[in-house]
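First comes the structure, then the notes that go with it.
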Amino acid sequence: MKQMLVGTAIVALLTAGAIAQTEDTTAAQGDLAVTEMDNPRMYRGVRPSVLREGYQEVLPDQITAEDLQDATVYDAEDRSVGEIESLIIAADGTLQGAVIEVGGFLGIGEKPVLVSMDSLSINRADEDDSVRVYVGATEEELESLDTYVD
């Protein structure tokens with residue numbers, strides 16, 4: 001009887017260690033998922049080819065995060081679809097994605113969604129350096145995406 005209790009205790013201790021290791025690994029992977037491009041919650045549409053008179057297209061590495069913060073995002077038909085709330089920056093400093101607030105009215109009921117920088121077309125005005133950001137999706141398509149939670 002004593003041997004059976006000792007054997008059961010050893011099995012219980014070994015099992016608890018294995019379960020703890022699995023949980024730690026999952027948590028670490030979950031922390032990395034936000035900054036990796038394989039995030040399943042990230043919209044990865046085709047970058048719209050949009051260039052308006054008086055604007056020049058710029059690439060994400062040619063613009064600062066400050067320039068993009070709070071920028072209005074438009075669809076290819078120049079309809080406002082949201083505003084950039086925050087940016088996802090990789091460890092090497094490159095912009096990976098933008099969190100765009102879509103929907104709502106006067107800041108109430110907005111939904112944050114994650115969009116890949118490869119899906120955005122960024123244009124800068126020749127005269128005043130203002131920025132226009134375009135996405136190849138409608139507001140309704142963006143609203144149908146999963147809510148981004150950091």
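The values are calculated or read from the model by the stated rules, or taken from the named source; none is laboratory data. Computed from a predicted structure; not experimentally measured. Note: ideal-geometry Cβ built from the backbone for every residue, glycine included; neighbour counts use all protein chains shown.
List of remarks:
- Test: residue in segment 105-121 that is surrounded by fewer than 19 Cβ atoms within 10 Å (Cβ to Cβ), in contact with a Gly (Cβ under 7 Å, 6 or more places away or on another chain) and either of a type in the set (Phe, Trp, Tyr) or free of Cβ contacts under 8 Å to residues at least 12 places away in the same chain (or both): yes
- For segment 113-139, the tally of residues that are more than 18 Å from residue 42 (Cβ to Cβ) and either of a type in the set (D, E, K, R) or in a loop (DSSP other than H, G, I, E, B) (or both) stands at 7.
- Verdict on residue 73 being part of a strand (DSSP E or B), out of contact with any helix residue (DSSP H, G or I) (no Cβ under 9 Å at 6 or more places or on another chain), on the phi < 0 side of the Ramachandran plot and among the aliphatic types (A, V, I, L, M): no
- Test result for residue 116, modelled with pLDDT under 95 and over 11 Å from the mean Cα position of the chain (by Cα): no
- Number of the exception - residue 105 against (1) more than 20 Å from the chain's Cα centre (by Cα); (2) at pLDDT 80 or above; (3) of a type in the set (Phe, Trp, Tyr): (2)
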